[in-house]
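The values are calculated or read from the model by the stated rules, or taken from the named source; none is laboratory data. If you're wondering where the values come from, they're calculated on a predicted model, not measured in any experiment. Don't worry about glycine lacking a Cβ; one is built from the backbone with ideal geometry, like all the others, and counts go over all protein chains shown.
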Amino acid sequence: MQSEARAMLLDHYLPQYDVTETYAIIVDADPDLTWHAVRRSDLSRSAVVHVLLELRSLPNRLHGVLKGRPSETARPPLTLDDMKRAGFLLLDERPGREIVFGTIVQPWNAVIDDKPAPKVEPDRFTAFDIPGYVKVAFNIRVEPYGSGRALITTETRTAATDPMSLRRFARYWLFIGPFSALIRRLMLRIAKSDAERRPGLTSTTRPPDA
């Protein structure tokens with residue numbers, strides 16, 4: 001029973017992976033309030049996150065221009081409910097404890113290939129193994145941390161479906177990885193700020209370092 005309580009949903013959807021990165025932050029608020037902040041925090045309040053998400057969408061916007069389609073300003077995800085706009089599928093959620101998102105990508109082809117990413121339902125994500133892609137999954141998890149405090153952890157995992165894709169993604173990740181990591185660290189700081197502020201969780205005041 002204890003091992004089941006500690007098992008992560010992320011382990012079910014991407015148990016084997018090539019790369020993993022984990023970040024955590026301690027929050028001076030109880031786990032329930034912290035989870036509420038995680039689910040409702042507005043990431044667009046951070047100018048840094050907004051700029052990084054704009055950069056992340058730049059290849060797709062450039063691709064549209066090259067194909068004669070009008071360029072649109074990128075809309076960053078505001079809350080976790082908006083992750084679909086950033087190309088992430090909600091894989092699973094354990095309310096109050098953990099939420100998991102995933103995507104299947106070919107980021108090295110963003111501006112040269114019209115082939116859309118395959119649409120995979122959550123129950124097929126784990127088994128997906130078509131060569132030429134990389135599976136990316138990340139979770140956000142909230143756990144008790146002493147009396148009246150909580151620990152927020154986010155882990156990102158990537159798994160290529162073949163050796164060539166692994167090599168291509170490794171080159172891509174050398175550039176984009178640090179920016180992705182910064183987004184996740186800022187996301188944790190925003191959630192911490194909102195949880196420790198407590199009432200409402202809707203203030204538009206920017207958290208520190210945002």
Qualifying residue in the stretch 76-92 (condition: within 29 Å of Val38 (Cα to Cα), modelled with pLDDT of 95 or more and in a loop (DSSP other than H, G, I, E, B)): no
Some residue of the stretch 156-175 being surrounded by 15 or more Cβ atoms within 10 Å (Cβ to Cβ), among the acidic types (Asp, Glu) and at pLDDT 95 or above: no
Checklist (1) within 26 Å of Ala191 (Cβ to Cβ); (2) in contact with a strand residue (DSSP E or B) (Cβ under 7 Å, 6 or more places away or on another chain) applied to Val134, failing item: (1)
Filtered residue count, the stretch 4-27, keeping only those that are over 12 Å from Arg189 (Cα atoms) and either at pLDDT 90 or above or surrounded by 14 or more Cβ atoms within 10 Å (Cβ to Cβ) (or both): 15
The stretch 111-131: number of residues that are surrounded by 10 or more Cβ atoms within 10 Å (Cβ to Cβ), part of a loop (DSSP other than H, G, I, E, B) and at pLDDT 80 or above: 6
Glu143, sole failed condition from (1) within 27 Å of Asp28 (Cβ to Cβ); (2) out of contact with any Leu (no Cβ under 9 Å at 6 or more places or on another chain); (3) surrounded by fewer than 21 Cβ atoms within 10 Å (Cβ to Cβ); (4) modelled with pLDDT of 95 or more: (2)
Residue count, the stretch 126-161 (criterion: under 16 Å from Trp173 (Cβ atoms), of a type in the set (A, V, I, L, M, F, W, C) and within 14 Å of the chain's Cα centre (by Cα)): 3
